[in-house]
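Written below as structure tokens is the structure these notes are about.
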Amino acid sequence: MASFFKGASSAASVPASTASPLYSFPAAFSAFNVPTSFTWLYTTAAVLFALLALEQSVYRAKKGNLPGDRWTIPIIGKFADSMKPTMEGYKAQWDSGFLSAISVFNIFIVMASSNEYARKILNSPTYAEPCLVHSAKSILLPDNWVFLTGKIHVDYRRGLANLFTRKAIGIYVTIQDTITRKHFEKWREEFGSSPQPIMMTARYLNMDTSLRVFCGNHIPEQATREISDKYWAITQALELVNFPLALPGTKVYKAIQARKVAMYWLEMAARNSKIEMANGGEPMCMLDQWVQVLADPAYKGRREFSDHEMAMVVFSFLFASQDAMSSGLIYGFQHLADHPDILAKVREEQARVRQGNYEKPLTIELMDEMPYLQAVVKESLRVKPPVVMVPYKSLKAFPISADYTVPAGSMLIPSFYNSLHDPAVYPEPDAFQPERWLDPASLANQNPKNYMVWGAGPHRCIGLEYAMMNIGLVLGIAAMMFDWEHEVTPQSDKVDIIATLFPQDGCKMKFTPRTNA
Ligand code: HEM
């Protein structure tokens, strides 16, 4: 870094020298005395130095008084760090200031770690809008609704809210219950003899559940397996900043191939749902629910949605949920398994509400009677929030604080972690204490603005009730079907960031059938 610093300063003088008459150069460097190729070499080097100096000056001007490196690594900036992010690295960055600066591939990035600044970014749609990760447009397709902004986004989203009403979620709970039990039958064998990582198995459970909730029986069994297997390529392409070109062999290229497979099946599902609903079928999944709402003559948002457009929406839900839900589920298992006293309370509540009938499918009404389970889910997501931050971009100069204005075109990254681990709101912030949600007067309940698991503002998670319901349902059923054993390893408490957070050892669990199940 220091040597570059010197190079950059001398480079800064190059334009001035070149502006001087050539005769000020030593004779040996005169254009009359040197071969043309040498002149070109000299000119190219001068231009390069000038560009590198400019890069540094622009970075420093944008950074202003914010904490962050004084000089950025030429061209790539902190690309290496963004390839292998760690919680320790992020924490160091967040702790460096409520606002701090970095640069990656000349994208100037402002990280916001405090609750106030994170919320300000999310709630200032005239200054900032989501930009998702760099690869998202290639994966989701540029005309996907998630890239809409302003009023068009608000209107589109209002239409989609029909898919997450209490009535709709009531339909989904039945599907979630059936799929979960089907998977747990297999888990009996897979996890019966010795602890195994549940990482991939839980991801498949979640994908199967999501696809059945979204598409019902409008896609075949083999499609859920194929989409689930290929989806890992999409997860791996979700780095903050990717290699810029989607060349064959790159992560983004592989993710695009995976999207093509998923879209093929999802378009087929939309087509089949329309046919079935036109023939008087009952809504059995999200697509059916959507087709039925759209067909209602009284519905104000009526318009045609092509199979492709519906498939893109469903794909956006998969994209937004697969990693976050899988992370939420896996940490839910880990937290409960590591706190047998809390798991026992979950079981007590299950026994009471279900009155001993463990085969009875869960309903939304039964879930309403399980406040302890809901507190467990809420607390597990707080301790290990699946999404620790989201990328936004500034649309124009954004006066975020009294002494700093974010330059137009910067990336802005509000972080949720510090809000969710603020000791003033959550005493012993790293401790798993569902009880903090049971007392309406608790600090946690009195400070809802700190609970940023779902983001905030116009892009706040649209699927949050559905997500809470599903995580609770899976943990509740697993609690009464199985005795759990978590093999704690030195990696259990270490975090891997693969789009969302996961325990480094994949959470090694053993499940033994319980006699009451
Ligand atoms: C534990 C699970 C989940 C977590 C932690 C989570 C978290 C988030 C967060 C932090 C955001 C960004 C909010 C912002 O920019 O302010 C978001 C957006 C979104 N989420 Fe979720 N989410 C989860 C599950 C789901 C599910 C199950 C769905 C759909 C079925 C979903 C659909 C979406 C969509 C579509 C958006 C973008 C909304 C918009 O731009 O208007 N999420 N989610």
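The values are calculated or read from the model by the stated rules, or taken from the named source; none is laboratory data. Remember, it's a predicted structure, so these values are computed and weren't measured experimentally. Cβ: placed from backbone, ideal geometry, glycine included. Neighbour counts: every protein chain shown.
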ask   = Counting only residues that are in a loop (DSSP other than H, G, I, E, B) and either of a type in the set (Gly, Ala, Ser) or buried (at least 23 other Cβ atoms within 10 Å of the Cβ) (or both), how many does region 286-299 have?
value = 1
note = All-but-one check, residue 216 against (1) surrounded by fewer than 21 Cβ atoms within 10 Å (Cβ to Cβ); (2) closer than 20 Å to residue 283 by Cβ, failing number (1)
message = Against the definition (assigned by TED's automatic domain parsing to the domain that holds residue 319 and in contact (Cβ under 8 Å) with a residue 40 or more places away in the chain), how does residue 368 come out, yes or no?
response = no
Enumeration of residues in region 214-226 that are among the small types (Gly, Ala, Ser) and within 16 Å of the ligand (Cβ to nearest atom) = 216
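Would you check which residues across region 43-58 are crowded, with 16+ Cβ neighbours inside 10 Å and out of contact with any Gly (no Cβ under 8 Å at 6 or more places or on another chain) and list them?
Initial filter on region 43-58 (crowded, with 16+ Cβ neighbours inside 10 Å): 49-50, 52-53, 55-56.
Within region 43-58, 50, 53, 55, 56 qualify.
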message = Can you go through 140, 132, 211 and tell me which one is at positive phi and within 12 Å of the ligand (Cβ to nearest atom)?
response = 132
request  = Find the residue count for region 319-332, including only residues that are near the ligand (Cβ under 8 Å from one of its atoms), in contact with a Ser or Thr (Cβ under 9 Å, 6 or more places away or on another chain) and under 23 Å from residue 145 (Cα atoms).
outcome  = 3
request  = Keeping to region 488-512, report how many residues are crowded, with 16+ Cβ neighbours inside 10 Å and in a strand (DSSP E or B).
outcome  = 12
task = Among residues belonging to region 300-318 that are free of Cβ contacts under 8 Å to residues at least 60 places away in the same chain and not in a helix (DSSP H, G or I), point out the one that is nearest to the ligand (Cβ to nearest atom).
result = 305
Qualifying position, being more than 15 Å from the ligand (Cβ to nearest atom), part of a loop (DSSP other than H, G, I, E, B) and touching a residue at least 12 places away in the same chain (Cβ under 8 Å), among 283, 248 = 283
ask   = Which one of 120, 84 is within 30 Å of residue 318 (Cα to Cα), at pLDDT 85 or above and not acidic (Asp, Glu)?
value = 120
request  = Could you please tell me which pairs satisfy a Cβ distance under 7 Å, a separation of 6+ or placement on different chains, a first residue in region 466-494 that is over 16 Å from residue 432 (Cα atoms) and assigned by TED's automatic domain parsing to the domain that holds residue 324, and a second residue that is part of a loop (DSSP other than H, G, I, E, B) and among the charged types (D, E, K, R)?
outcome  = 480/514; 481/514; 482/514; 483/514; 489/505; 491/505
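Within region 223-230, is there a residue that is acidic (Asp, Glu) and touching a residue at least 40 places away in the same chain (Cβ under 8 Å)?
Taking region 223-230 first, the residues acidic (Asp, Glu) are 226, 229.
Narrowing further to those that are touching a residue at least 40 places away in the same chain (Cβ under 8 Å): none.
No: region 223-230 contains no residue that is acidic (Asp, Glu) and touching a residue at least 40 places away in the same chain (Cβ under 8 Å).
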task = Filter region 330-368 down to the residues that are of a type outside the set (D, E, K, R) and assigned to a loop (DSSP other than H, G, I, E, B), then identify the one that is farthest from residue 197 (Cα to Cα).
result = 355
